[in-house]
Amino acid sequence: MTDTSPQGARESLTWLVRAIGYLIYGYVIVVEIILAVGFVLKLFGANPSAGFVEWWYRGLDRVMAPFRGIFTPLDLGTTGNDVEAVLDTSILFAMVIYAVVMLFVRGAIDWMSHRLELQRHDREMALRQRELDEAERRRAIAEAARRRADAERAAQVGGAAGAAAVTQAGSIPPAPGVVPPGTPPPAPPPPPS
């Protein structure tokens, strides 16, 4: 059964946004790994004709597209296989920007998680309150039925006066001539003079 209430729709939307946030968060983590490994490969002058390095540089070029050319790379010299070692500050800048995006997305995910928890708590509290209200309503109905039954019994025992006494006191009055428990004994009659 699907929940079509506005609260259910809000919760579904919150779950959807949270899932998208996790996907973005995962993507940014992968990008950070690509940037870090690419930075190290360029810094140590890895041979770009090697299969792994060539494959890694293709991924690095994709994630560096918005940042390419911001800063001029610093040449550090050549390695033993005549490949230039480069300190590419654009990669470092991209790592910082992607890290800020990652922190923002993480904050959004935490906020959404908190909202979901509040919605769940509110729903549980509303359900508990409904259960308490229902129990109180049933108790009131049972109490009213008990009072009606007591009044009917009193009416049978003592007529209209007994019924009035029951409705006022909430219990059956004692039958005539019967001393209720806890009543002190009557005072003895005065001696004859």
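The charge dipole of segment 7-75, taken about the Cα centre with unit charges on the Cβ atoms of Lys, Arg (+1) and Asp, Glu (-1), comes to about 180 debye, rounded to the nearest 20. Ligands, DNA and RNA are left out, and with a 1.4 angstrom probe the accessible area of segment 1-127 is 64 Å² per residue. Of interest is the spacing of the C-alpha centroids, which for segment 62-88 and segment 9-23 amounts to 39 Å.
For segment 42-81, what does the alpha-carbon gyration tensor say about shape, rounded, prolate or oblate, given a ≥ b ≥ c as the root eigenvalues, a/c under 1.5 as rounded, and a/b over b/c as prolate? Note, shape of segment 42-81 comes out oblate.
The trypsin sites (Lys or Arg not before Pro) of segment 9-114 that meet both conditions, a loop assignment by DSSP and at most 12 other Cβ atoms within 10 Å of the site Cβ, are R68.
Just so you know, the averaged projected area of the alpha carbon convex hull for segment 1-101 sits at 8.9 nm².
Taken along the Cα-to-beta-carbon direction at a fixed 7 Å, the label points for N47 and A144 span 9.3 nm.
The values are calculated or read from the model by the stated rules, or taken from the named source; none is laboratory data. Because the structure is predicted, anything quoted here is derived from the model rather than measured. Counting neighbours? That spans all protein chains shown, and the Cβs are built from the backbone with ideal geometry, glycine included. Ligands, DNA and RNA are excluded from the accessible area calculation, which covers all protein heavy atoms including side chains. Shrake-Rupley method; radii C 1.70, N 1.55, O 1.52, S 1.80 Å.
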